[in-house]
1. Test of understanding: among 239, 249, 182, which residue is crowded, with 16+ Cβ neighbours inside 10 Å, out of contact with any Phe, Trp or Tyr (no Cβ under 8 Å at 6 or more places or on another chain), among the basic types (Lys, Arg) and touching a residue at least 40 places away in the same chain (Cβ under 8 Å)?
2. Filter the range 106-159 down to residues that are polar (S, T, N, Q), without any contact (Cβ under 8 Å) to a residue 40 or more places away in the chain and closer than 27 Å to residue 284 by Cβ, then give me how many there are.
3. Quick one: what pairs do we get from the range 43-71, first residue touching a residue at least 60 places away in the same chain (Cβ under 8 Å), second open to solvent by 60 Å² or more (accessible area, probe 1.4 Å) and in a helix (DSSP H, G or I), C-beta under 7 Å, 6+ apart or different chains?
4. Kindly list the number of the only condition in (1) within 30 Å of residue 184 (Cβ to Cβ); (2) of a type outside the set (Lys, Arg); (3) in contact (Cβ under 8 Å) with a residue 40 or more places away in the chain; (4) surrounded by fewer than 23 Cβ atoms within 10 Å (Cβ to Cβ) that fails for residue 273.
5. Does residue 176 satisfy the criteria of being in contact with a strand residue (DSSP E or B) (Cβ under 6 Å, 6 or more places away or on another chain), in contact (Cβ under 8 Å) with a residue 24 or more places away in the chain and among the small types (Gly, Ala, Ser)?
6. Quick check: is even one residue across the range 243-264 among the aliphatic types (A, V, I, L, M), under 19 Å from residue 39 (Cβ atoms) and in contact with a strand residue (DSSP E or B) (Cβ under 8 Å, 6 or more places away or on another chain)?
7. I'd like the residue in the range 111-160 that is of a type in the set (Val, Ile, Thr) and outside any helix (DSSP H, G or I) and, out of all such residues, is nearest to the chain's Cα centre (by Cα).
8. Give the residue, chosen from 197, 212, that is surrounded by 17 or more Cβ atoms within 10 Å (Cβ to Cβ), over 23 Å from residue 77 (Cα atoms), modelled with pLDDT of 95 or more and polar (S, T, N, Q).
Amino acid sequence: MRTFQAALLFLVFIACGNDKKKDNVTETQVEKQVDMSSKPFFKISLAQWSLHKAFRGGMDPFDFAKEAKAMGIDAIEYVSGLYNEQVKSLGMDAVVERLKSESEKHGVKNLLIMIDGQGNLASSDENHLNEAIEKHKKWVDAAKTLGCHSIRVNAHGDGTYEEVLEQAVVGLSRLSEYAQTKGINILVENHGGYTSNGQWLASVMAKVNMSNCGTLPDFGNFCIKRKKDGCEDEYDKYKGVTELMPYAKAVSAKSYDFDEHGNETVIDYVKMLQIVKDAGYSGYVGIEYEGSRLDEKAGIIATKKLLEKAGAEVK
């Protein structure tokens, strides 16, 4: 009799345990459904500039893919200027092949290359413009080999508002025509000067009117004219992003510092991301931490958390 009672109690215990297990599975599934429903409408990438101090301080720039993956980010945006020495000593082809190998090794997707120091694409000097276009073509080829969709360029030049606008149209059109043969986009970022005027850059895009020429709106680069202790002429950042989003093929989430709640101190991320979503954009938003108070990696992680939180709040 005691044996029978013990067996019965054992069966009841197992049955209750199974019910509890079922309840736990159900709760977990519900939690997952909630998490899925609150995920941002975009994907997150990492701009190499976020680690520029580390790379300039001795970190191997070929470790970019590895560093990004270690922080839970699987898509990256290179900065050409961080490979100047490597290109000079090893050659462009060797650098590109190494970067491609590292990205494949760590399972990271290559998105774009930010190009600096290769000449002004809105120069009024024909020889300078030709040289700049030829230098940029090499990076178009590099982007193609890496499997990137774009290179980010600067549209700086000399002259008045209208003069630089027309010169930018010429330079960008010529470079975009070449890039089109490679399946690569030419993107202009609001990056100082006239390019930080959203209306000006949107006008350039409208005049170029090519499917592979677009913008890379940055949340924070809207200083048209700088002065020693700050910005002398600053364009409204929310207005600027709104004007640039119709042409956007990438987005840069600039961050400088965070308050006690994890929010950016000078950029309303929910407001910015609402503008991005309203424009119908659902691609990658790249982290570009440029602060000084936090360690670069801590700043990247803080920006990533803010993007996830703010993205979930966007309607």
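The values are calculated or read from the model by the stated rules, or taken from the named source; none is laboratory data. As the structure is a prediction and not an experimental result, all values here were calculated from the model. All Cβ positions, even for glycine, are placed from backbone atoms using ideal geometry, and neighbour counts span all protein chains on display. Just so you know, the surface numbers come from the protein's heavy atoms only, side chains and all, with ligands and any DNA or RNA stripped out. Shrake-Rupley method; radii C 1.70, N 1.55, O 1.52, S 1.80 Å.
1. Values: 239 fails: crowded, with 16+ Cβ neighbours inside 10 Å; 182 fails: crowded, with 16+ Cβ neighbours inside 10 Å.
Matching residue, one of 239, 249, 182: 249.
2. 2
3. Once the first residue is touching a residue at least 60 places away in the same chain (Cβ under 8 Å) and sits in the range 43-71, its partners that are open to solvent by 60 Å² or more (accessible area, probe 1.4 Å) and in a helix (DSSP H, G or I) give 71/297.
4. Evaluating residue 273 over (1) within 30 Å of residue 184 (Cβ to Cβ); (2) of a type outside the set (Lys, Arg); (3) in contact (Cβ under 8 Å) with a residue 40 or more places away in the chain; (4) surrounded by fewer than 23 Cβ atoms within 10 Å (Cβ to Cβ) leaves (4) as the failure.
5. On the way: in contact with a strand residue (DSSP E or B) (Cβ under 6 Å, 6 or more places away or on another chain): yes; in contact (Cβ under 8 Å) with a residue 24 or more places away in the chain: yes; among the small types (Gly, Ala, Ser): yes.
Considered against the rule, which asks whether it is in contact with a strand residue (DSSP E or B) (Cβ under 6 Å, 6 or more places away or on another chain), in contact (Cβ under 8 Å) with a residue 24 or more places away in the chain and among the small types (Gly, Ala, Ser), residue 176 comes out as yes.
6. In the first step, residues of the range 243-264 are kept if they are among the aliphatic types (A, V, I, L, M); the result is 244-245, 248, 250-251, 253.
Add one more test, that the residue is under 19 Å from residue 39 (Cβ atoms), and what stays is 251, 253.
Narrowing the set further to residues that are in contact with a strand residue (DSSP E or B) (Cβ under 8 Å, 6 or more places away or on another chain) leaves 251, 253.
Yes - at least one qualifying residue is present in the range 243-264.
7. Of all residues in the range 111-160, those of a type in the set (Val, Ile, Thr) come to 113, 115, 133, 140, 145, 151, 153, 160.
Among the residues that remain, those that are also outside any helix (DSSP H, G or I) are: 113, 115, 151, 153, 160.
Details: 113: 10, 115: 14, 151: 12, 153: 14, 160: 30 Å.
Filtering first and then ranking leaves 113.
8. On the way: 212 fails: over 23 Å from residue 77 (Cα atoms).
So the residue among 197, 212 that is surrounded by 17 or more Cβ atoms within 10 Å (Cβ to Cβ), over 23 Å from residue 77 (Cα atoms), modelled with pLDDT of 95 or more and polar (S, T, N, Q) is 197.
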